[in-house]
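Novice: I have a structure I would like to understand better, so I am pasting it below and will then ask my questions one at a time.
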Amino acid sequence: MDYLQIKGMKPLQGSVTISGAKNSALPLIAFSILSKNPFLLTNLPEVQDIKTLLKLLDNLGASYEYNKNQVEIDTSTINSTIAKYDIVRTMRASVLVLGPLLARFGHCEVSLPGGCAIGQRPIDLHLKALKTMGAEISIRSGYVVANAPKGLKGGVIVFDKVTVTGTENILMAAALAKGTTTIVNAAKEPEVVQLCEVLKKSGVEVEGIGSDEIKIYGTAGELLKTPKVEVIPDRIEAGTYLCAGAITNSKITIRKVEPQHLDAVLLKLQQMGFGLEIEGDEITILPAKKIEPVEIVTSEYPGFPTDMQAQFMSLALLADGTSFIEERLFENRFMHVAELKRFGANIQLKGNLATIIGPTKLCGADVMATDLRASSALVLAGLCAKGVTNVHRIYHLDRGYEKLEEKLTALGAEVKRLKE
Ligand code: EPZ
């Protein structure tokens with residue numbers, strides 16, 4: 001197994017280009033199931049989760065031409081609608097094939113994704129919504145068995161909780177349904193917006209894009225003529241590199257980003273004392289004279305993203321005072337706390353509230369990654385810790401960060417990928 005070895009306290013400089021958003025590429029790969037023509041997707045991040053979902057489509061019989069940052073998917077050759085446990089268990093986002101498979105073929109069996117390190121992460125809201133659209137859903141030996149022999153019908157879907165992939169699943173199911181579907185309490189993440197825009201460009205009438213109420217006029221089973229699509233920049237990777245600049249108190253520039261997707265993150269960096277210069281699709285972060293403590297409550301977009309919570313906890317370790325981070329979306333998203341304590345961090349946990357007492361001078365340590373974003377927080381801590389840090393189980397990082405060690409090394413960090 002690989003691990004990352006980081007020699008800390010190196011100042012960073014220069015610029016880094018941000019890759020395409022994993023969490024937009026994944027629903028768009030699932031979306032290809034609705035396409036009548038081969039679907040071309042560019043600006044793909046070369047990360048494990050993308051390869052996993054393409055493998056799932058391959059198992060279903062789809063064919064594709066893939067070269068790291070681009071894929072053309074032909075789903076006309078799909079000959080199975082059973083998404084097997086061995087793939088789904090490695091990546092929950094596989095559940096995104098449920099809506100499109102059911103909409104196109106009237107039947108599918110998708111393994112229940114199971115929980116993951118950050119929480120139970122049920123899909124009850126996805127299933128309830130599909131039932132409202134006329135699907136017969138049952139659970140059999142760990143699989144969701146879904147049938148809609150006469151096709152799905154439009155309906156009013158009210159999500160009790162905002163769910164990103166739940167919204168995406170229903171958007172894709174509704175696209176081929178008979179009649180109109182209204183999603184109330186829809187997710188508004190930029191990745192959901194991109195999917196809506198692609199549906200619209202594929203001939204599906206969609207109203208309320210970017211709002212919490214979306215109306216979709218289904219094609220009653222007619223497959224979609226899909227355009228070439230460029231994946232939007234990854235706002236979480238962008239935020240992670242801004243934190244790398246902040247935590248090493250360096251001036252760096254991130255390129256090929258959509259600044260407006262980062263409003264909540266940029267505001268918190270400013271509140272902590274960092275300067276920001278925004279020019280088009282570039283953001284430069286400037287060192288803080290003094291790093292101020294911060295109060296963060298994670299919430300759905302456009303609020304502060306839960307996927308940036310761990311990274312800001314690492315940054316808050318250096319703040320001159322006490323910071324508070326409340327995790328409202330997932331019940332177990334503080335796995336990085338125990339690992340950060342190995343650097344010498346002073347963090348108290350009470351339920352979903354973390355209290356971070358700074359400033360702390362971090363000392364390098366051996367630490368273990370537990371989930372994708374927690375692992376990036378450990379790398380950030382390693383960048384500012386005295387001495388050497390080894391981050392183990394970095395397969396978690398490889399799921400969502402393209403060429404992390406190359407990008408950090410190009411910025412001046414001392415990071416090496418070694419074998420255990
Ligand atoms: C998406 O996960 C992202 N993944 C996650 O990013 C992100 O953390 C999350 O949204 C929140 O922003 C992808 O887009 C592939 P949810 P998702 O459904 O859709 C509860 C990363 O780091 N819920 O919005 O699975 C759920 O338990 C990953 O890239 C139900 O109760 O998240 C959670 O508490 C990690 N029932 C809350 O809703 C359901 O049926 C939000 O979950 C669905 C969700």
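Novice: Exactly one of these conditions fails for T284: (1) assigned to a strand (DSSP E or B); (2) open to solvent by less than 10 Å² (accessible area, probe 1.4 Å). Give me its number.
Specialist: In the conditions (1) assigned to a strand (DSSP E or B); (2) open to solvent by less than 10 Å² (accessible area, probe 1.4 Å), T284 misses (2) alone.
Novice: Can you tell me how many residues within region 65-97 are in contact (Cβ under 8 Å) with a residue 12 or more places away in the chain, open to solvent by 50 Å² or more (accessible area, probe 1.4 Å) and under 21 Å from P45 (Cβ atoms)?
Specialist: The number of residues fulfilling the criteria is 6.
Novice: Just the residues that are of a type in the set (G, A, S), in contact with a strand residue (DSSP E or B) (Cβ under 7 Å, 6 or more places away or on another chain) and open to solvent by less than 10 Å² (accessible area, probe 1.4 Å), please, taken from region 26-63. It would help to see each step written out before you state the result.
Specialist: Residues of region 26-63 of a type in the set (G, A, S): 30, 32, 35, 61-63.
Next cut, in contact with a strand residue (DSSP E or B) (Cβ under 7 Å, 6 or more places away or on another chain) only: 32, 35, 62-63.
Within region 26-63, S32, S35, A62 meet the criteria.
Novice: Oh, and also: Go through (1) farther than 25 Å from L44 by Cα; (2) assigned to a loop (DSSP other than H, G, I, E, B); (3) not hydrophobic (A, V, I, L, M, F, W, C) one by one and return the number of the condition T181 breaks.
Specialist: For T181, the exception is condition (2).
Novice: How many residues, within region 147-183, are crowded, with 24+ Cβ neighbours inside 10 Å, free of Cβ contacts under 8 Å to residues at least 60 places away in the same chain and under 21 Å from K84 (Cα atoms)?
Specialist: Number of matching residues: 1.
Novice: Quick test of your reading of the structure: K290 fulfils all but one of (1) open to solvent by 70 Å² or more (accessible area, probe 1.4 Å); (2) part of a loop (DSSP other than H, G, I, E, B); (3) under 22 Å from T17 (Cα atoms). Name the failing condition by number.
Specialist: Result: K290 fails condition (3) only.
Novice: Give me the residue from region 303-328 that is closer than 26 Å to A117 by Cβ and open to solvent by 60 Å² or more (accessible area, probe 1.4 Å) and, out of that set, farthest from the ligand (Cβ to nearest atom).
Specialist: Of everything passing the filter in region 303-328, F324 is farthest from the ligand (Cβ to nearest atom).
Novice: Please enumerate the residues belonging to region 93-105 that are more than 13 Å from the ligand (Cβ to nearest atom) and in contact with a His (Cβ under 9 Å, 6 or more places away or on another chain). Outline the logic, then answer.
Specialist: Restricting attention to region 93-105, the residues satisfying the condition of being more than 13 Å from the ligand (Cβ to nearest atom) are 100-105.
Of everything in region 93-105, just one residue is more than 13 Å from the ligand (Cβ to nearest atom) and in contact with a His (Cβ under 9 Å, 6 or more places away or on another chain), namely L101.
Novice: Now for a different question. Those residues that are farther than 26 Å from T163 by Cα and either open to solvent by 60 Å² or more (accessible area, probe 1.4 Å) or of a type in the set (A, V, I, L, M) (or both), I need them from region 330-348; list them, please. Quick ask: steps written out before the conclusion?
Specialist: Let us first name the residues in region 330-348 that are farther than 26 Å from T163 by Cα, namely 338-348.
Selection gives A338, L340, K341, R342, A345, N346, I347, Q348.
Novice: Looking at region 108-125, which of the residues that are touching a helix residue (DSSP H, G or I) at 6+ places or on another chain (Cβ under 8 Å) and modelled with pLDDT of 95 or more is nearest to L152 (Cα to Cα)?
Specialist: C108
Novice: Do you know which residues across region 52-75 are over 22 Å from the mean Cα position of the chain (by Cα), under 22 Å from V145 (Cα atoms) and polar (S, T, N, Q)?
Specialist: Within region 52-75, N59, T75 meet the criteria.
Novice: Anything in region 119-145 that is surrounded by fewer than 16 Cβ atoms within 10 Å (Cβ to Cβ) and at positive phi? List them, or say none.
Specialist: G119, S141, G142
Novice: Given the conditions (1) in contact with a helix residue (DSSP H, G or I) (Cβ under 8 Å, 6 or more places away or on another chain); (2) within 16 Å of the ligand (Cβ to nearest atom), which single one is not true for N332?
Specialist: If we test N332 against (1) in contact with a helix residue (DSSP H, G or I) (Cβ under 8 Å, 6 or more places away or on another chain); (2) within 16 Å of the ligand (Cβ to nearest atom), just (1) comes out false.
Novice: Separate question: Considering only residues that are touching a residue at least 24 places away in the same chain (Cβ under 8 Å) and within 26 Å of D160 (Cβ to Cβ), look in region 349-367 and name the one that is nearest to the ligand (Cβ to nearest atom).
Specialist: As a first pass, look at region 349-367 and keep what is touching a residue at least 24 places away in the same chain (Cβ under 8 Å): 352-367.
Imposing the further condition that a residue be within 26 Å of D160 (Cβ to Cβ) reduces the set to 352-353.
On the way: N352: 11, L353: 16 Å.
Out of the qualifying residues, it is N352.
Novice: State all residues of region 368-386 that are open to solvent by 10 Å² or more (accessible area, probe 1.4 Å) and away from the ligand (no atom under 16 Å from the Cβ); if no residue qualifies, say none.
Specialist: M368, C384, K386, listed by residue number.
The values are calculated or read from the model by the stated rules, or taken from the named source; none is laboratory data. Since the structure is predicted, the reported quantities are computational estimates derived from the model, not experimental observations. Cβ atoms come from the backbone with ideal geometry, glycine included; neighbour counts cover every protein chain shown. Accessible surface areas use protein heavy atoms only, side chains included; no ligands, DNA or RNA. Shrake-Rupley method; radii C 1.70, N 1.55, O 1.52, S 1.80 Å.
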